[in-house]
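Novice: Take a look at the following structure, please.
The values are calculated or read from the model by the stated rules, or taken from the named source; none is laboratory data. Remember, predicted model here, so these are calculated numbers, not experimental data. A quick note on method: Cβ atoms are made from the backbone with ideal geometry, for glycine too, and the neighbour counts reach across all protein chains shown. Just the protein is used for accessible areas: all its heavy atoms, side chains included, with ligands, DNA and RNA removed. Shrake-Rupley method; radii C 1.70, N 1.55, O 1.52, S 1.80 Å.
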Amino acid sequence: DLGIATDDGIVSVAQALSADRAGQQPITYPIEEAWRSIINERGFAGYPFQTVLWHKQTMLFVVIPAFSGLVSYCLVANSKTGAWARYTDWDTRCAVVFQDKLYFGKSTGTIIEAETGGADQDTSYAAVAIPRFDMLGSPNEKVALHVRIVARTNRIFSVQAFAAADYVYNIPAPLAAD
C-alpha cells in the first residue's frame, strides 16, 4: 500500500479512497496528539515534511522541519510493530535511502549518513523509554524492587535505569518502642 502524509496523519491511500475521513485510522494514530501539535506548530511555515521508508532497517522516518529556534527532531516508526520514537537534535530538511543506507540533509547543507555507529556526530546516544501505563491487574499501589533491561546491539553501551513518579509517597517512620 501507499501512504500519504496529511494534516490528520499518515493515512493509507487505499483506506483514504474507500472510507470517509472520520472512518480512517492513520498510521500515526498512536501519536495522534503529537502529530496534531506538530501540524499546528510547524505545518504552515512553508518547509516541507517528508516521509522515507527504510526497508532494510524496518524504519519509517518523518522529516519534521525546524525553523525560528524550534527544537530539531524527526519522528521514527518501526514499520513492523508501529512503535514510534522521536530522534532529537536531528536537523533534518530532507532524507533519502540510497544503496540500503539512509542519508539526510541538514539546514546547513551538510549530508549525514544515519545510524552508522554508537554516536551521533561524536556525541553519545541517549535514549529514554517510557512504557505505556499498566495497572498490572490491580489499581492498588505497587513498589518496583527490580528492573531488567534487555537490549540487542553490536556495540558496547552503558545503561542507567531510574524511575520517577508524579507524586511523592511518604513512608511512615517505624513506631518507637516504649
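Novice: Starting from the Cα-Cα distance between THR81 and HIS146, subtract it from 0.36 nm times their residue separation and give me the gain in nm to one decimal.
Specialist: Extra length from THR81 to HIS146 when fully extended: 20.7 nm.
Novice: Could I ask something else about it? As a test question: what accessible area, to the nearest 10 Å², does ARG93 have when a 1.4 Å probe is rolled over all protein chains in place?
Specialist: Looks like 70 Å² after rounding.
Novice: Which order do ASP7, ASP122, ASP91 take by accessible area at a 1.4 Å probe, largest first?
Specialist: Descending order: ASP122, ASP7, ASP91.
Novice: What order do you get for 72-85, 136-149, 94-107 when each peptide is scored by the mean count of other beta carbon atoms within 10 Å, highest first?
Specialist: Details: 72-85: 16.1, 136-149: 6.7, 94-107: 14.4.
Descending mean neighbour count gives 72-85, 94-107, 136-149.
Novice: Leaving out ligands, DNA and RNA, what percent of the accessible area of region 54-98 is carbon and sulfur, probe 1.4 Å?
Specialist: Ligands and nucleic acids excluded, carbon and sulfur reach 54 percent.
Novice: Roughly speaking, what is the stretch gain from ASN40 to CYS94, that is 0.36 nm per residue apart minus the C-alpha to C-alpha distance, in nm to one decimal?
Specialist: Extra length available between ASN40 and CYS94 comes to 17.4 nm.
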